[in-house]
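Q: This is the structure, below, for whatever I ask next.
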Amino acid sequence: MTEANTNRGVLFDVKQCIGCGSCTVACKLWNDLGYEKPDVAGNAHGFDVELTDKNWTIVTYNREKDANGKDVLRFLKNQCMHCKEPACISVCFAHALYIDENGAVVCDPAKCAGCRYCMIACPYSVPKYEWDKVFPSIQKCQMCDSKIAAGEATSCSAVCPTGALTFGDRDELLALAKKKIAADPSYVNHVYGETEGGGTRWLYISDVPFEKLGLPINVPNTPINDYLHGYLKYTPVVFLGGGALFAALSIYTKRRAKVAGHGEGDE
């Protein structure tokens, strides 16, 4: 096993992606995920178009006309962004979500309480719930943490035929992204993920505005955790207090019904 490196990341170059879907297949195979019938209504290539508990990575697309009126397709790979300061971890009172020794934001299903707070906290709408299971938990991309621990690249980046996905040290990937932008003026002059939410381990460069690809542009540059810490201290109180309140209401309702029943018999 190689020495742990918590600064790993992946750079996705939108211009180099041909939408082949190899990354989605590799993800399914490595993580032993089940297949679902793809929703092809809004997708030209029949890929899965939504992240689910069985779809940890998806490929979506944007179609526009260029200056000559020709259709131009741009593809986007979606998965967990693996934030440097994850909001999902901040709200997980069960400690099921954590950053492992190799920098991946992972979820331990055995610890998941099913509260789904992480689904609300994530600005990228990544965590998904296993609605069809008796004992459900949250599921999402684990950034192939076991492969990284063994010194390998993520399964998706390892199979990319065009080099659209590059795995490596985040600082080096950031430098590479900026070098590409400086050399080609067609790129948007911004590396998505450099500052969003305090920084993510997945970085994007594109010649199409990020919002047109479906990436949220209203994510603050400061960590989401900064906004949450003031409220998280009340989570145990609300959780336990809510249970006590419902228990009290149940007892009150039963006693009231019992009294009402006696009153009817006395008449």
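Q: Provide the gained length on full extension for the span residue 178 to residue 132, in nm with one decimal, where the gain is 0.36 nm per separating residue minus the Cα-Cα distance.
A: 12.2 nm
Q: Roughly how many Å² is the accessible area per residue of region 103-166, as a whole number, for a 1.4 Å probe?
A: 44
Q: Okay, next question. Wrap a convex hull around the Cα atoms of region 48-207, take a quarter of its surface area, and give that in square nanometres.
A: Reported value for the Cα convex hull: 10.9 nm².
Q: For region 146-154, take each phi angle, set θ = phi - 60°, evaluate the Karplus expression 6.51 cos²θ - 1.76 cosθ + 1.60, and give the result in whole Hz per residue in order, putting x for glycine and proline.
A: Once θ is set to phi - 60°, the couplings for region 146-154 become 5, 5, 4, 4, 8, x, 9, 7, 4 Hz.
Q: Pairs of alpha-carbon atoms within less than 8 angstrom and 6+ residues apart define the contacts here; what relative contact order does region 153-216 have, in percent?
A: With pairs under 8 Å counted, the relative contact order is 22 percent.
Q: With only alpha-carbon pairs counted, each pair once and no self-pairs, how large is the Kirkwood hydrodynamic radius of region 146-207 in angstroms?
A: 12.7
Q: Continuing with the same structure: Grab every C-alpha pair in region 72-164, bin the distances at 5 angstrom width from 0 up to the longest one, and report whole percents.
A: 2, 13, 21, 22, 18, 13, 7, 3, 1, 0
Q: Highest mean first, how do 129-140, 80-91, 53-64, 7-18 rank when packing is the count of other Cβ atoms within 10 Å averaged over residues?
A: 80-91, 7-18, 53-64, 129-140
Q: Ignoring ligands, DNA and RNA, what percent of the accessible area of region 81-130 is carbon or sulfur (1.4 Å)?
A: 53
Q: Sticking with this one: Under 5 Å between amide H atoms, partner at least 5 residues away or on a different chain: which partners does residue 8 have, H built in plane at 1.01 Å?
A: The answer is 170.
The values are calculated or read from the model by the stated rules, or taken from the named source; none is laboratory data. Computed from a predicted model, the values in this text were never measured in an experiment. Every residue, glycine as well, gets a Cβ built from its backbone with ideal geometry; the counts of neighbours run over all protein chains shown. With ligands, DNA and RNA removed, areas are computed over all heavy atoms of the protein, side chains included. Shrake-Rupley method; radii C 1.70, N 1.55, O 1.52, S 1.80 Å.
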